[in-house]
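Asks: The following block contains the structure, expressed as structure tokens.
The values are calculated or read from the model by the stated rules, or taken from the named source; none is laboratory data. Source: prediction; values computed, not measured. Neighbour counts are summed over all protein chains in view; Cβ atoms, including those assigned to glycine, are modelled from backbone coordinates with ideal geometry. Accessible surface is based on the protein model in full, side chains and every heavy atom, while ligands, DNA and RNA are left aside. Shrake-Rupley method; radii C 1.70, N 1.55, O 1.52, S 1.80 Å.
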Amino acid sequence: MKLRWLTLTVSFYLFAGSQAAEAQTSPCLANPDTAAIHVAFVTRQVTVGDSARLAQQGLPYQPPAGVALVSDTTICRAVIDAYNGLDSVPATNVARAYVMTVGTTAYAMVGDTSGVVYIVFDTAYNVLGGIVPMQ
């Protein structure tokens, strides 16, 4: 009986360890508390911001679909690659980021090493602009 329990325990730890390793290698950052802060900030910018300025930048104003965290690794990787490909990016590339959909026409990202500058891309991964929080 003890042998079966030991085998089951080892299998559980191996399974849990593989999930943790997979989460660490994903380009999508997903800490719920931090993600909520980023989603709330971007939501405020596209909800309360100047609608003319947002439209001029190609950003949706009060998007019906709202702002939501992306967990699709393909989308996160494409947004990160687009960011790392910008000429104006510092020498340190971003490996992981919080990526959010902004309505159905844009993505916003804040990287693990890019501080608190939000870069916004259209769905073809062309940069639309940046959002810097006022301190």
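Asks: Can you give me the distance in nm between label points at Asp81 and Arg53, each placed 7 Å from the Cα along the Cα-to-Cβ direction?
Replies: Distance between the two pseudo-spin positions: 3.3 nm.
Asks: Work out how much length Ser88 to Ile37 would gain on full extension: take 0.36 nm times their residue separation and subtract the Cα-Cα distance, in nm to one decimal.
Replies: Stretched fully, the Ser88-Ile37 segment lengthens by 15.8 nm.
Asks: Could you tell me the convex hull volume per residue, in Å³, taken over the Cα atoms of segment 59-118?
Replies: Convex hull of Cα atoms, per residue: 87 Å³.
Asks: Just how much of Ser88 is accessible, in Å², when a 1.4 Å probe is used and the result is rounded to the nearest 10?
Replies: Using a 1.4 Å probe on the heavy atoms, I get roughly 110 Å².
Asks: Quick check: net charge around Gln62, other residues with Cβ under 13 Å of its Cβ, Lys/Arg +1 and Asp/Glu -1?
Replies: 0
Asks: Rounded to the nearest 0.05, what FRET efficiency is calculated for Thr104 and Val132 with R0 set to 22 Å and r the Cβ-Cβ distance?
Replies: 0.35
Asks: Provide the per-residue ³J(HN,Hα) series for segment 32-48, in order, calculated from phi with Karplus coefficients 6.51, -1.76, 1.60 and θ = phi - 60°, each as a whole number of Hz, with x at glycine and proline positions.
Replies: x, 5, 5, 4, 4, 5, 5, 4, 5, 5, 5, 4, 4, 5, 9, 10, 9
Asks: Moving on. Report ³J(HN,Hα) in whole Hz for each residue of segment 95-110, in order, from the Karplus equation J = 6.51 cos²θ - 1.76 cosθ + 1.60 where θ = phi - 60°; Gly and Pro get x.
Replies: Going residue by residue, I get 9, 9, 8, 7, 10, 10, 7, 10, x, 10, 10, 8, 10, 10, 9, 9 Hz, with x marking Gly and Pro.
Asks: I'd like to check one number: the per residue accessible area of segment 33-99, probe 1.4 Å, reported in Å² as a whole number.
Replies: Each residue of segment 33-99 exposes 56 Å² on average to a 1.4 Å probe.
Asks: Continuing with the same structure: Using 0.36 nm per residue of separation minus the Cα-Cα distance, give me the extension gain between Asp112 and Ala124 in nm, one decimal.
Replies: 2.1 nm
Asks: While we're here: With a 1.4 Å probe and all protein chains in place, put Arg96, Arg44 in order of accessible area, largest first.
Replies: Arg44, Arg96
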